[in-house]
Amino acid sequence: MKKTLAILLVLVLGMTVLFTGCGSGSDEAAGGDGTEPTLKVGYIFIGAINDGGFTQSMYEGAMKAEEELGGQIETKYIENVSDGDISASTDAAMNLIDQGCNVIVGCSYGYMDALEALANSGDYDDVTFLHFSGNKMNDTNFDNWFGSMEQARYLTGMAAASVAKNGVLGYVAAHPYTEVQIGINAFTLGAQAVNPDVEVKVVYIGTWGDAEIEKTAAEQLIQAGAEVVCYHADSTATQVAAAEAGDVYAIGWNYPQNDCGDLYLTAAYWNTAAYFIPTFQSIMDGTFKPQSYYGTMADGLIAIDELSDAIPDDVKAKIEDTKAKMEAGEFEVFTGPIKYNDGSVLCEEGQTLDRAGIWSINKEVEGVTAISK
Amino acid sequence: MATFLASCVVAGIPLLFATIGELLTEKAGNLNLGVEGMMLMGAALGFITAYNTSNPGLTLLAAVLAGAGGALIYAIVTVTLRANNVVTGLTLTIFGTGFSKFIGQPYLGSSVPAEVSAFFARRAIPVLGDIPFIGPIFFRQDLFTYFAYIVCILSAVYLYKTQMGLNLKAVGENTAAADASGINITLYKYIHIIVGGALCGLGGAYLSIVRIPIWQEDVVNGRGWIAVALVIFVAWNPIKAFFGSILFGGLSILGMKLQVLGLDFSQYLFDMIPYVATIIIVVFATHKKSREAQGPGDLGNNYFREER
């Protein structure tokens, strides 16, 4: 008697779970303008959606895509998923798939192996995995995407050089790692386009995010004479240091967030909707083919914030002009001759670096003072 | 040079609060590894109060109560319920980290109101601030920093010059003997654990209110653990803690300074030194005859009166 009751209870419980599962799915589908969403997109975020930085730029792109493709997209997400732990990223992806997601967007490099395993497992062939910043893919449902942030860095470098009277620019950098060094080098080349004698001082802080350390590094750079500070790290602490100094400009990163008022020049950031909208559209149309996507200023994935009025008008015009050329595909950031600051050659006269060439950068260019060991 | 040393002081202040807090706790015979968690709780509640009330006084009160609240949980579990010190402390760190993320979530990216920032802005102390070299380093800082100096001096006087301080030492050194001599050990433990937690809360609030007046997760970022190591490094002495904190704070930024100067040093190297130095000190202390350098005798042991 007790046993049958127990079995019955378990069955009821199971059914409830099943039905509520269906229920919530169809509920949300019936919402909005009455059309059923064809895509349920699940995002795995490394941070929180209001972090004023990387995750917020991802999230706002997601929201824009949902709005733009009105009614066809439903968004789910999980925040603060550790990317150092393959089981955490796998759990997050499985959780989203269980909620009915048929597209999974992984927004950090460290999710790569988990997503690859799921994509190739054969169990989730109807799910499309879109991985930010990775280098793995397959032929059917696993794609990676990134962008030429060097273009935005170049333009912000131009802006920085235009307001630094003594030509000293400070750069708070996370680790001496290729992605960071590409940014430093592009920034420097842009600055040199405005003032050939510019000096970019770099401090490697040895962490992706520690606001206190970031701020201290910015303060050290300001003490060493930097009149503009810019950063490749998670928080806006560098902007805070500029604001406290009172006469030092700052350039934002990842997301157009101003934490230093009038001293904010612009920001280099990810406009992720530019990737999400066409990609989701192609998945819905059935024309999606995985690729190693490298977005550019032309696609709109790479963007800079509105230019501050502190930037002289002639330089503003020059920046707009360079931006237009980048959008038209007529301007390459890494065009020779470019030398590393140890004298070795990065790029010969007349040569331009392709994507692979850019991603093999491992030192800083001439004009940069940095110790990368 | 003076500006760099002033930066070292700034980097050392959160460590100093937490170190004195943990020092008082350990003097009472309790090893509280929840420093990191209590700092984060102070940072989060301090920030939220500042944001919602724009009142510097309430901000400080909230930070103190947050740290003290965390410590109270620890005290109940270890002193009254006699649970394992280490495990409870670690749990408190995990709890505090999660708690600060949870209650801070809606505030991510928000800034401390201008009134509060202005209150805690740097201001020079008249006369003292004008002393050459010393003045710019120590006496042109913010109110938090001056308060840290006072806490440091008061705790030294308290520990070495008062009857209560002596009693406290006895509690940590040999709880059974202290109990037999009529000291209310439970009261002593509770008070010092809670005051210690309150100081940790202030250390965290210094980071979230003064240093980085924009809320973000994990603003403490391991400094609580450095404070735990510092207590051993400075041999449970508040005056040494003052210099130790500035030294360890300085080490956390020395690599960056050298990079700016164009010297070939990695910040990774300097990030290791506090821990390596502590290990070396522990090894030496074990071989030294001095009791002082080895810490309170009953540190981390739960006390059962009936077991005597």
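The values are calculated or read from the model by the stated rules, or taken from the named source; none is laboratory data. Keep in mind it's a predicted model, so treat the numbers as computed, not measured. With ideal geometry, Cβ positions are generated from the backbone for all residues, glycine too; neighbour counts draw on all protein chains shown.
Per-residue answers, yes or no, for (1) modelled with pLDDT of 85 or more; (2) part of a loop (DSSP other than H, G, I, E, B); (3) of a type outside the set (D, E, K, R):
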site	(1), (2), (3)
B:Leu251	yes, no, yes
B:Gly255	no, no, yes
B:Gln259	no, no, yes
B:Asp271	no, no, no
B:Thr278	no, no, yes
B:Val282	no, no, yes
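Answer with yes or no whether A:Glu244 is acidic (Asp, Glu) and touching a strand residue (DSSP E or B) at 6+ places or on another chain (Cβ under 6 Å).
No.
Taking the range B:111-163 on its own, how many of its residues are of a type outside the set (Gly, Ala, Ser) and not in a helix (DSSP H, G or I)?
Residues flagged as of a type outside the set (Gly, Ala, Ser) and not in a helix (DSSP H, G or I) within the range B:111-163 amount to 16.
I need a count of the residues in the range A:341-373 that are in a loop (DSSP other than H, G, I, E, B), in contact with a Lys or Arg (Cβ under 7 Å, 6 or more places away or on another chain) and away from chain B (no Cβ under 14 Å).
The number of residues fulfilling the criteria is 1.
Taking only the range A:277-310 into account, find how many residues are crowded, with 19+ Cβ neighbours inside 10 Å and under 14 Å from the mean Cα position of the chain (by Cα).
Here the count works out to 6.
Filter the range A:234-263 down to residues that are within 14 Å of chain B (Cβ to nearest Cβ) and either acidic (Asp, Glu) or more than 20 Å from the chain's Cα centre (by Cα) (or both), then give me how many there are.
Looking only at that region, the number is 11.
All but one of (1) more than 22 Å from the chain's Cα centre (by Cα); (2) over 23 Å from A:Asp123 (Cβ atoms); (3) buried (at least 22 other Cβ atoms within 10 Å of the Cβ) hold for A:Phe54; which doesn't?
If we test A:Phe54 against (1) more than 22 Å from the chain's Cα centre (by Cα); (2) over 23 Å from A:Asp123 (Cβ atoms); (3) buried (at least 22 other Cβ atoms within 10 Å of the Cβ), just (1) comes out false.
Does B:Phe265 meet the test of being aromatic (Phe, Trp, Tyr) and part of a loop (DSSP other than H, G, I, E, B)?
Judged against the criteria, B:Phe265 is a match.
Out of B:Ser155, B:Ser208, which single residue is under 29 Å from A:Asp259 (Cβ atoms), in contact (Cβ under 8 Å) with a residue 12 or more places away in the chain and crowded, with 16+ Cβ neighbours inside 10 Å?
Values: B:Ser155 fails: under 29 Å from A:Asp259 (Cβ atoms).
The match here is B:Ser208.
Within the range A:311-324, can you find the residues that are charged (D, E, K, R) and either surrounded by 13 or more Cβ atoms within 10 Å (Cβ to Cβ) or in contact (Cβ under 8 Å) with a residue 40 or more places away in the chain (or both)?
Across the range A:311-324, the qualifying residues are A:Lys316, A:Lys318, A:Lys323.
Of everything in the range A:192-233, what is crowded, with 24+ Cβ neighbours inside 10 Å, of a type outside the set (Gly, Ala, Ser), within 7 Å of chain B (Cβ to nearest Cβ) and in contact with a strand residue (DSSP E or B) (Cβ under 7 Å, 6 or more places away or on another chain)? Give them in sequence order.
A:Val203, A:Tyr204, A:Ile205, A:Gln220, A:Leu221 - these are the residues of the range A:192-233 that are crowded, with 24+ Cβ neighbours inside 10 Å, of a type outside the set (Gly, Ala, Ser), within 7 Å of chain B (Cβ to nearest Cβ) and in contact with a strand residue (DSSP E or B) (Cβ under 7 Å, 6 or more places away or on another chain).
Is it true that A:Ala92 is under 30 Å from B:Gln216 (Cβ atoms), in contact with a strand residue (DSSP E or B) (Cβ under 7 Å, 6 or more places away or on another chain) and either small (Gly, Ala, Ser) or at pLDDT below 90 (or both)?
Details: under 30 Å from B:Gln216 (Cβ atoms): yes; in contact with a strand residue (DSSP E or B) (Cβ under 7 Å, 6 or more places away or on another chain): yes; either small (Gly, Ala, Ser) or at pLDDT below 90 (or both): yes.
Yes.
Do you know which of the residues in the range B:56-110 that are polar (S, T, N, Q) and assigned to a loop (DSSP other than H, G, I, E, B) is farthest from the other protein chains (Cβ to nearest Cβ)?
Looking at residues that are polar (S, T, N, Q) and assigned to a loop (DSSP other than H, G, I, E, B), I get B:Asn84.
Output the residue which, of all residues in the range A:187-231 that are of a type in the set (Ser, Thr, Tyr) and part of a helix (DSSP H, G or I), is farthest from B:Val219 (Cα to Cα).
Ranking the qualifying residues of the range A:187-231, first place goes to A:Thr188.
Tell me which residues, restricted to the range A:240-299, are in a helix (DSSP H, G or I), free of Cβ contacts under 8 Å to residues at least 12 places away in the same chain and not charged (D, E, K, R).
Matches in the range A:240-299: A:Pro278, A:Ser282.
Of these, A:Ala226, A:Ala217, A:Ala160, A:Ala237, which one is farther than 27 Å from A:Met58 by Cβ and of a type in the set (Gly, Ala, Ser)?
Just a single option satisfies the conditions, and that option is A:Ala226.
All but one of (1) closer than 23 Å to B:Phe120 by Cβ; (2) within 14 Å of another protein chain (Cβ to nearest Cβ) hold for B:Ala198, so report the exception by its number.
With respect to (1) closer than 23 Å to B:Phe120 by Cβ; (2) within 14 Å of another protein chain (Cβ to nearest Cβ), B:Ala198 is out only on (2).
Any idea how many residues of the range B:80-109 are loosely packed, with under 14 Cβ neighbours inside 10 Å and within 22 Å of the chain's Cα centre (by Cα)?
Qualifying residue count for the region: 4.
I need the full set of residues from the range B:231-245 which are closer than 24 Å to B:Ala2 by Cβ and either within 14 Å of chain A (Cβ to nearest Cβ) or of a type outside the set (Val, Ile, Thr) (or both), in order please.
B:Lys240, B:Ala241, B:Phe242, B:Phe243, B:Gly244, B:Ser245
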